[in-house]
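The structure appears below as structure tokens.
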Amino acid sequence: MTPTLTLQDIYRARQRIAPFIRHTPVIESPALSEKTHRQVVLKLECLQTTGAFKLRGAANKLLTLPNDARKHGVITVSSGNHGRAVAHMAGKLGIRAVVFITETVPEVKRDAMHKLGAEVILGGQTFDEALAAALHLQHAQGLTMIHPFDDPFVIAGQGTIGLELLEDDPEIDTVIVPLSGGGLLGGIALALKTANPAIRVVGVSMARGPAMIESLHAGRIVDVIEEPSLADALIGGIEHDNAHTFALLQRYMDNSALVSEDEIAGAMAFMLEAHHLVIEGGAAVGIAALLHGKIAQLGERVAVVVSGGNVSIPTLLDIARP
Ligand SMILES: *Cc1c(COP(=O)(O)O)cnc(C)c1O
């Protein structure tokens, strides 16, 4: 890998991961188009294998590991979906996988990782605590860290969504992306902006502890308080020694928005009603931002990345009740 990620790395990732991932559909959203007076399409990563886009990055990383690293096994820290993706892919390749999680990871996601054969360890209350615990075990046992976002191979894997969007809907001028550590947005933005720098890329986080957005505003990495959120997949800091995503987003993200817990719940219910699709809170933030007019300078043809669908039935029933 060259020190700076290029479009070619994303094309390579695409070829490498093709046998393991689904090229997900892009569908029109008449309901959102009517509400926003724009043409809105949805990129349905909630239908991805393992229920979220994270399989793209995890697959690309695991498939590029040298043989001796595969023999020793991998370790990761996850808010749920990345751990599940790593567990799934490690299972396919016969690699040992250890996943450190925090207390905010919902039970559905813990159970899924267990079922896939991963060793799941509660590593602390915050992402940084869990990461510190994982690094300790990594060194003790010679495991390879599969970072959930700050890794060029992971970013390149997530960037394959950008390639699919360009092919399936070449007219899009704005892309709205759920944002936490920035691997998803960074990869997609790199793919889209290399092809057409005029495409605008907008990141959306929950108002509770949006680490990347606050750091970008401050011009340096800042800590946020991690609070429970319906968007559990977006909880967590971006690390003081962030090597890739912070700089990538400083360069490529055009705009951002924040949404409240009520707005996230409303967007999940909206997707059930308008599209009969089950999506998780972290995947609903872009739709919430659109529904509440939170995005300035919206283009004419807007794609929203719907990043995952892993939500428990009790949570779903909660948000569906008026
Ligand atoms: C991880 C995740 C995100 C955010 O991705 P980052 O690369 O951390 O910005 C968004 N939505 C879902 C469903 C996720 O699992």
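Data table
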| read-out | value |
| --- | --- |
| Test: residue in segment 212-234 that is part of a loop (DSSP other than H, G, I, E, B), farther than 29 Å from A130 by Cα, more than 13 Å from the ligand (Cβ to nearest atom) and touching a residue at least 12 places away in the same chain (Cβ under 8 Å) | no |
| Among residues of segment 12-49, those that are within 19 Å of the chain's Cα centre (by Cα) and in contact (Cβ under 8 Å) with a residue 12 or more places away in the chain, counted | 19 |
| Selected residue (criterion: nearest to the ligand (Cβ to nearest atom)) from residues of segment 251-283 that are outside any helix (DSSP H, G or I) and not hydrophobic (A, V, I, L, M, F, W, C) | E280 |
| Count of segment 73-86 residues which are of a type in the set (A, V, I, L, M, F, W, C) and within 20 Å of L234 (Cβ to Cβ) | 3 |
| Residue under evaluation H240, criteria (1) modelled with pLDDT under 95; (2) surrounded by 19 or more Cβ atoms within 10 Å (Cβ to Cβ); (3) more than 13 Å from the ligand (Cβ to nearest atom), criterion not met | (2) |
| Residue check for L248: in contact (Cβ under 8 Å) with a residue 40 or more places away in the chain, more than 11 Å from the ligand (Cβ to nearest atom) and either hydroxyl-bearing (S, T, Y) or over 16 Å from E45 (Cβ atoms) (or both) | no |
| Count - residues of segment 169-198 that are without any contact (Cβ under 8 Å) to a residue 60 or more places away in the chain and either within 11 Å of the ligand (Cβ to nearest atom) or in a loop (DSSP other than H, G, I, E, B) (or both) | 4 |
| Spans of strands (runs of 3 or more DSSP E) in segment 73-140 with at least 3 residues surrounded by fewer than 21 Cβ atoms within 10 Å (Cβ to Cβ) | 119-124 |
| Single residue of A112, A156 found to be touching an Asp or Glu at 6+ places or on another chain (Cβ under 6 Å) and within 16 Å of the ligand (Cβ to nearest atom) | A156 |
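The values are calculated or read from the model by the stated rules, or taken from the named source; none is laboratory data. Everything quoted here is computed from the prediction, not taken from an experiment. Every residue, glycine among them, receives a Cβ derived from its backbone with ideal geometry; neighbour counts consider all protein chains shown.
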